[in-house]
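Take a look at the structure set out below.
The values are calculated or read from the model by the stated rules, or taken from the named source; none is laboratory data. Treat the numbers as computed from the prediction; the structure is a model and nothing was measured. Heads up, the Cβs are rebuilt from the backbone with ideal geometry, glycines too, and the neighbour counts pull from every protein chain shown. These area figures cover heavy atoms from the full protein model, side chains too; ligands, DNA and RNA do not enter into them. Shrake-Rupley method; radii C 1.70, N 1.55, O 1.52, S 1.80 Å.
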Amino acid sequence: MTLTLIDRARRTDHASDHASGQAADQGVTPEAVPETPSAQAPDPAPRRAAGREADGLAVASFVLGLVGLLAFNLLLGPTAIVMALLALARRTRRPGRAYLGLALGVADLVVLAVLVTVNGTVAWNLGA
């Protein structure tokens, strides 16, 4: 990735040198020569990486919320909620998954509250 950034910087430098050379040949000052559009455009790579990370957070919150319904709801519920909120704050392309992860995280905590109220314990008891 570093090599790509260096190559782009070199191409930008060469393009501006070339434009300055043309401007000098035509009697125009280098300040009057507009820069190339590629030199002005921001690099979209960080946005794509943040989007992928937000999508991963949305999926992870969904999975953790789902697993948290069965086990470790004290730990996985809040984790699913935090991951879903982070994914939504980072503008995920999968907001449905993030909202499901948020709902499942809240459901984990509700199941935990019901278990504590009914049994007086935080452990699951599937048998008699």
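Is one or more of the residues making up the stretch 79-86 within 13 Å of the chain's Cα centre (by Cα), at pLDDT 85 or above and open to solvent by less than 40 Å² (accessible area, probe 1.4 Å)?
Within the stretch 79-86, one or more residues are within 13 Å of the chain's Cα centre (by Cα), at pLDDT 85 or above and open to solvent by less than 40 Å² (accessible area, probe 1.4 Å).
In this structure, does residue 122 turn out to be modelled with pLDDT of 95 or more and either more than 15 Å from residue 59 (Cβ to Cβ) or surrounded by 18 or more Cβ atoms within 10 Å (Cβ to Cβ) (or both)? Here the answer is no, as residue 122 does not meet what is asked. Does the stretch 63-95 hold any residues that are of a type in the set (Ser, Thr, Tyr) and more than 27 Å from residue 114 (Cα to Cα), and which are they? 92, the sole residue that qualifies. Residues of the stretch 47-78 that are of a type outside the set (A, V, I, L, M, F, W, C) and under 17 Å from the mean Cα position of the chain (by Cα): 47, 48, 51, 52, 53, 55, 56, 61.
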